[in-house]
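The values are calculated or read from the model by the stated rules, or taken from the named source; none is laboratory data. Computed from a prediction, not measured in an experiment: that's the story for all the values here. Cβ: placed from backbone, ideal geometry, glycine included. Neighbour counts: every protein chain shown. Please note that ligands, DNA and RNA were not included when accessible areas were found on the heavy atoms of the full protein model with its side chains. Shrake-Rupley method; radii C 1.70, N 1.55, O 1.52, S 1.80 Å.
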Amino acid sequence: MSTAPRSQAVRKDWGHDESGCTFLHVDMDAFFASLETARHPELVGRPVIVGGVEGVRGVVSTANYEARRYGVHSAQAMATARRLCPQGAFLPVDHHYYSHVSHEIFTQIVAKITDQIEQVSVDEAYINVAPALREWKSPRAIGEWIRQQVYQRFHITCSVGIGSNMLMAKLASTNAKPNGLLLVPQARNAEFVRLLDLRAINGVGPALEKRLSSWAVTTVAQIQELSEAQVVRMVGSRQIGHWLWLACQGESERVLVTHALEKSIGQEMTFPEDTNDLAKIRALLRNCCDHIARRLREKQLVARTVSVKIRFADLTYATRSQTSRVPIQNSVQMMQIADQLLPAALAAWKRGRGVADAGASREEVSADAGRSAVSPTFVRLAGVSVSGLTEQSTTLYQPELDFDDTQENNETGLKKNNELEKALDAVRAKYGSSAVRRGATSWRDE
Ligand SMILES: [Mg+2]
């Protein structure tokens with residue numbers, strides 16, 4: 001949740017001249033807490049605090065507006081939040097659910113307007129509506145439509161800021177919260193920013209603030225009176241000085257970067273000869289996992305769902321999927337899941353249902369297929385794919401100590417594996433992709 005300072009003074013009608021206001025910033029209000037309230041209607045009107053389980057990571061992720069009245073805020077220790085608001089509803093973080101709804105909102109609603117979207121976190125995005133204006137006519141109409149759709153379909157509210165650049169759109173949405181829409185006409189950018197605290201400008205942190213205060217500069221209004229060269233001298237950096245001087249006029253050179261997120265990444269390979277040797281099939285899957293994990297790291301993505309595909313000698317095939325509660329980026333995590341899925345995929349043929357549907361449960365796993373050294377049938381091709389992709393930088397990591405109490409799955413183990421595999425990436429980049437490989441068995445006959 002945004003902790004940027006808001007200003008009552010700017011929460012007003014700034015006029016209706018929308019010309020040039022082609023940027024929207026859409027931000028869900030108290031996203032995690034709102035989603036919990038939406039699926040637990042008995043919580044409506046109560047303070048709701050979503051955060052880490054005590055003893056694991058006792059920090060507030062999101063508090064709804066009712067809870068904020070008691071002084072509860074994000075990043076606060078859960079113990080403090082409980083003391084401040086003992087009557088609150090305290091809920092664990094359900095990232096899987098929040099990511100799912102986020103994906104629905106941005107693909108089912110926002111993407112209907114334009115593909116000019118830069119999603120900056122699970123609950124906020126910038127949109128350049130210039131291309132959509134031919135059809136929509138008014139940026140405000142787009143903002144109102146998004147707000148209405150989000151409310152109707154997901155029973156949560158969002159706020160929308162509209163401005164002539166990304167900075168103004170963000171400042172407007174911050175000050176429209178909660179459940180509001182604020183448009184700042186281009187001609188009033190400087191006037192709007194003048195009313196804000198320096199810290200309200202995204203990017204002004206404590207260090208920069210301190211530096212400026214050593215020059216007795218503490219407000220946006222003061223910077224507006226200075227030349228760019230003076231600001232550059234004060235902050236000691238041409239780049240930061242330029243950016244800050246512009247920002248204090250309500251201007252920004254930031255351009256929208258759209259990420260056309262891939263939906264899945266996969267790798268499959270055909271055996272030189274059909275095989276029923278489980279060790280070979282597993283070695284091939286491991287090879288696929290290595291390859292996919294490397295691609296994920298290159299693209300700075302993480303995955304949630306792992307699927308295994310097997311094509312049998314009779315050309316029928318089976319796929320099995322499993323979704324993990326922790327984000328996946330290394331091949332050890334991926335292979336653990338693939339290993340669990342493999343017996344079920346192989347058993348699909350055994351029971352005469354070659355072309356099988358995805359997502360079978362682990363209960364279907366045939367015990368003998370899991371333990372025997374040979375597959376119940378000959379396999380022509382095997383592969384792995386991952387989906388539920390999100391950007392690493394915007395995926396919240398929650399330790400899952402209850403997930404599986406092995407070295408690989410606790411947080412330290414995950415970090416170690418990620419580090420190890422990054423080192424392997426570097427070796428491969430230098431000496432070629434077959435230079436190093438995990439495990440001893442090859443899936444080819446050598
Ligand atoms: Mg938000």
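Looking at the range 129-164, the trypsin sites (Lys or Arg not before Pro) that sit in a DSSP loop and have at most 15 other Cβ atoms within 10 Å of their own Cβ are K137. Residue-wise HN-Hα couplings along the range 284-292, as the Karplus relation 6.51 cos²θ - 1.76 cosθ + 1.60 with θ = phi - 60° gives them from phi, are 5, 4, 5, 4, 4, 4, 4, 4, 5 Hz; Gly and Pro carry x. Ranking of Y97, Y126 by solvent-accessible surface, largest first: Y97, Y126 (1.4 Å probe, protein heavy atoms only, all chains present).
Beta bridges from DSSP with both residues in the range 19-185: antiparallel share about 75 percent, rounded to the nearest 5. Using 0.36 nm per residue and subtracting the Cα-Cα separation, the extra length available between N276 and D115 on full extension is 53.3 nm.
The distance linking the range 245-291 with the range 115-173 is 29 Å (Cα centroid to Cα centroid, whole angstrom).
Between W136 and A313, full extension at 0.36 nm per residue minus the direct alpha carbon distance yields a gain of 58.3 nm. Taking every protein chain into account, the accessible area of the range 148-263 amounts to 48 square angstrom per residue (probe 1.4 Å). For the range 227-235, putting each phi into the Karplus relation 6.51 cos²θ - 1.76 cosθ + 1.60 with θ = phi - 60° gives couplings of 7, 4, 4, 5, 5, 4, 4, 5, 8 Hz, in residue order, rounded to whole numbers and with x for Gly and Pro. Taking amide H as placed 1.01 Å from N in the peptide plane, the amide H of Q76 sits under 5 Å from that of V60, each at least 5 places away or on another chain.
Scaling the Cα radius of gyration of the range 196-247 by the globular reference 2.2 N^0.38 Å produces a ratio of 0.96. Taking 0.36 nm per residue of separation and subtracting the Cα-Cα distance, full extension of the segment from Q392 to W145 would add 85.9 nm. Taking a ≥ b ≥ c as the square roots of the Cα gyration tensor eigenvalues, with a/c under 1.5 meaning rounded and otherwise prolate when a/b beats b/c, else oblate, which class fits the range 6-144? The shape class here is prolate.
Sites listed here are trypsin sites (Lys or Arg not before Pro) in the range 238-326 whose DSSP assignment is loop and whose Cβ has at most 12 other Cβ atoms within 10 Å: K263.
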